[in-house]
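J.: So that we are looking at the same thing, I have put the structure below in structure tokens.
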Amino acid sequence: MAMRTSQIPSHPPQRGLDDSTSEKEDSPSETQLSTSGDPTGPRKVASTRWSCPTVAAIGILCITLLALGLGLGLVLTNAASASASAPASASSSTPAAPTTSAGSIPTSGANVVVIMTDDQDLILDSLSVQPNVRNLIGGEGVTYNKHYCTVAICCPSRVNFFTGRAAHNTNITSIRLPYGGWTRFAELGLNENYLPVWLSDAGVNTYYAGKFLNGLDKSNIATPAPPNGWSDSSFLVEPWTYNYLNSHYTNKPNAATAADITGYKGMHTTEVLEEKALAMIDDAASKGGQFYMQIAPEVVECHADPNDAINRPAKYEAMFADRQAPRTSNFNPVEPSGASWVKDLELLSDDDIATIDEIYRSRLGNMAYVDDMVGSMIQRLEDHGLLENTYFIYTSDNGFHMGQHRLHAGKRCPYEEDINIPLLIRGPDVAKGATSEIVGSHTDMAPTILQMLGLPLREEFDGQPIAYTSTDLGTSEKTELVTAEFWNIGGGTPQAATPGSYYNNTYKSLRLISDDYTFLYTVWCTGEQEFYDMQSDPGQMINRLASPPQGIAAEYYGRSEQSLYDRLDALLMVTKSCAAESCREPWSVLFPGGEIGTLMDAMNSEYDSFFANQPKVGFSSCADGYIVELEGPQDVTPYT
Ligand SMILES: [Ca+2]
């Protein structure tokens, strides 16, 4: 476990703004800095400088990554109808909380800490460099193998997490105006109606430090209002959010002016964040009562130019010098794969692959800092006697691909690398050392957190609590569904050799997982469709709905492929437009009488014509955001 003895307050003395950093978050200056990171962590101090074969390419890559980007991955699940039990014990100083809507938790004096990293993959081995995450959270709790983001990009995914609602319901579908970002979030009234507001209204102390929503800039940190609902906060502020060694954070709650922003030139952003998190834990301990704390490191985004000292993982830069991005079965395939713009990508060049490997090593180095922070935070909770009664959740906002399907480093796609993300939970009544295949998504996280805190669930939730107790993990009516959505621009994965934004990246995806099947079905705004049977094709390389179809025709449960596709499309028709109960129980929209609850049930031939005659998922054009008039039919015809 990483230990730190030094302490700084959550709002240390002002060091002043440093505008030597580029105004563009993706193209920082090349100012050379010395590091002041604590070298006493569990890892060796790096001494070898990074080399970069394709610096220019990375710069272009990062610019394009930042660009445009609307996408939504909508994950639907009925994963856990968990009616969790009460945490083991409540601090004597904590107030009683109301019962949940499920009525199964009388009170909870528990606390919740969430670590949400940026762009951390599950599939490409990022957790391999995080022993504290694996052992102190996973080893003491549950590791979820089938947790998904619903929108494979920062702001929409974070809003999904904060609200428990699908992006097509929050209408935050981009990282930037006019369809997303911080100011859009505030303008839509979400700043008054999201998780920390509900918690603070219930008397829970709330803390936030790190990257918040895209677009929280030095010019608008209080425009139209400061981020609401946090008892204490320290937000990373653009344009320095991605400057690992020149981060700037707000230094007081309700920060409004330049004087309320502090720069940390020469100190790694996660070491700054770690000190803030520890100070917040101290504050929460001194105040007593329940608390919620969300710490959001900015370390694994791909905005860094690895030749730029300001953006290097400093002391860990050489620790992973022998690592390269995993050469998965779908890495830079000889035959193109995917749909829309993805299938037209050229093979990655040797320079492209060298760039991907450099980025990969940078990511690992930065994730090691996060792992140190996790160890320190858990130790500090233990020091205060709070660990036993605190849920500790580790996750990411979205996944990441690195060379899969010929894609450069990036996200925004419906493929597994982009949407399947880490989720590990430990806590008072959480199963210990368990691994779960329960399907869940970030839509379920706000409900899960409310349940952990013993607070009522909300009617508007599109998700529901994820199972985490031993009992609920064993009995949860697990399914099946994750829906991913995305709205246009970019793909976010420009090729270094052919920079540019990729349009036609609007899609609706349905990810279905059970003991019997594992499928991905996607409808693109171009009209293209994709279907991957991931039992035989885990890398999603054989698109049976390509034209002409790839691979060999198969039967599913004695039925034709088309009969399966008719079911998948009808289900996606429901989930792409669902809200509240229809998201939580999508089959009931098709079968109000309750005849069908799973895909297996629905394969019965007696329903063939019912499914074949449903309106089909489609788009009339590839829009930049959620414009419902362009998204084809909205309603299915219920079975009678
Ligand atoms: Ca992200």
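The values are calculated or read from the model by the stated rules, or taken from the named source; none is laboratory data. Values in this document were obtained by computation on a predicted structure and should not be read as measured data. Don't worry about glycine lacking a Cβ; one is built from the backbone with ideal geometry, like all the others, and counts go over all protein chains shown.
J.: Only residues in segment 118-141 that are more than 13 Å from residue 400 (Cβ to Cβ) count as the first member; pair them with residues that are part of a helix (DSSP H, G or I) and within 16 Å of the ligand (Cβ to nearest atom), Cβ under 8 angstrom, at least 6 apart or cross-chain, and list the lot.
T.: Between residues of segment 118-141 that are more than 13 Å from residue 400 (Cβ to Cβ) and residues that are part of a helix (DSSP H, G or I) and within 16 Å of the ligand (Cβ to nearest atom), the close pairs are 129/367; 130/367; 130/370; 133/370.
J.: When residue 168 is evaluated against the numbered criteria (1) within 16 Å of the ligand (Cβ to nearest atom); (2) part of a helix (DSSP H, G or I), which criterion, by number, is the only one it fails?
T.: Unmet condition: (1).
J.: Test of understanding: among 377, 367, which residue is in a helix (DSSP H, G or I), of a type outside the set (Ser, Thr, Tyr) and within 14 Å of the ligand (Cβ to nearest atom)?
T.: 367
J.: Further, regarding this structure: For segment 120-152: of the residues being more than 22 Å from residue 369 (Cα to Cα) and within 16 Å of the ligand (Cβ to nearest atom), which is surrounded by the fewest Cβ atoms within 10 Å (Cβ to Cβ)?
T.: Taking the candidates together, the pick is 147.
J.: Further, regarding this structure: For the structure I just gave you, tell me whether residue 395 is out of contact with any Lys or Arg (no Cβ under 6 Å at 6 or more places or on another chain) and either away from the ligand (no atom under 13 Å from the Cβ) or not in a strand (DSSP E or B) (or both).
T.: Answer is no for this residue.
J.: If you scan segment 224-259, which residues turn out to be among the β-branched types (Val, Ile, Thr) and either touching a helix residue (DSSP H, G or I) at 6+ places or on another chain (Cβ under 7 Å) or not assigned by TED's automatic domain parsing to the domain that holds residue 158 (or both)?
T.: Answer for segment 224-259, where residues must be among the β-branched types (Val, Ile, Thr) and either touching a helix residue (DSSP H, G or I) at 6+ places or on another chain (Cβ under 7 Å) or not assigned by TED's automatic domain parsing to the domain that holds residue 158 (or both): just 250.
J.: Can you spot a residue in segment 377-387 that is more than 17 Å from residue 291 (Cβ to Cβ), crowded, with 24+ Cβ neighbours inside 10 Å, aliphatic (A, V, I, L, M) and at pLDDT 95 or above?
T.: no
J.: When you scan segment 171-193, how many residues do you find that are within 16 Å of the ligand (Cβ to nearest atom), without any contact (Cβ under 8 Å) to a residue 60 or more places away in the chain and more than 23 Å from residue 449 (Cβ to Cβ)?
T.: Number satisfying all stated conditions: 1.
J.: Just to be sure before I move on: is residue 369 of a type in the set (Ser, Thr, Tyr), in contact (Cβ under 8 Å) with a residue 12 or more places away in the chain and more than 24 Å from residue 270 (Cβ to Cβ) in the structure I sent?
T.: Here the answer is no, as residue 369 does not meet what is asked.
J.: Output the number of the condition that residue 196 fails; it satisfies all remaining conditions of (1) within 16 Å of the ligand (Cβ to nearest atom); (2) assigned to a helix (DSSP H, G or I); (3) farther than 15 Å from residue 448 by Cβ.
T.: (1)
J.: What number of residues in segment 422-437 are within 23 Å of residue 158 (Cβ to Cβ) and surrounded by fewer than 23 Cβ atoms within 10 Å (Cβ to Cβ)?
T.: 0
J.: Right, here's the next one. From the list 212, 235, 185, which residue is closer than 23 Å to residue 152 by Cα, assigned to a helix (DSSP H, G or I) and not basic (Lys, Arg)? Steps first, please.
T.: Details: 212 fails: assigned to a helix (DSSP H, G or I); 235 fails: assigned to a helix (DSSP H, G or I).
Step by step, each of 212, 235, 185 is checked, and only 185 is closer than 23 Å to residue 152 by Cα, assigned to a helix (DSSP H, G or I) and not basic (Lys, Arg).
J.: If you check every pair at least six apart or on different chains, which have Cβ atoms under 7 Å apart with a residue in segment 249-266 that is closer than 15 Å to residue 280 by Cβ first and a residue that is part of a loop (DSSP other than H, G, I, E, B) and of a type in the set (S, T, N, Q) second?
T.: The qualifying pairs are 251/14.
J.: Which is farther than 27 Å from residue 370 by Cα, polar (S, T, N, Q) and in contact with a Pro (Cβ under 9 Å, 6 or more places away or on another chain), of 220, 169, 191?
T.: Just a single option satisfies the conditions, and that option is 191.
J.: Can you pull out every residue in segment 536-585 that is out of contact with any Lys or Arg (no Cβ under 7 Å at 6 or more places or on another chain), within 18 Å of residue 608 (Cβ to Cβ), in a helix (DSSP H, G or I) and of a type in the set (Asp, Glu)?
T.: Correct list: 566 only.
J.: Now a separate question. Would you mind stating whether residue 419 is crowded, with 22+ Cβ neighbours inside 10 Å, among the aliphatic types (A, V, I, L, M), farther than 22 Å from residue 319 by Cβ and within 16 Å of the ligand (Cβ to nearest atom)?
T.: yes
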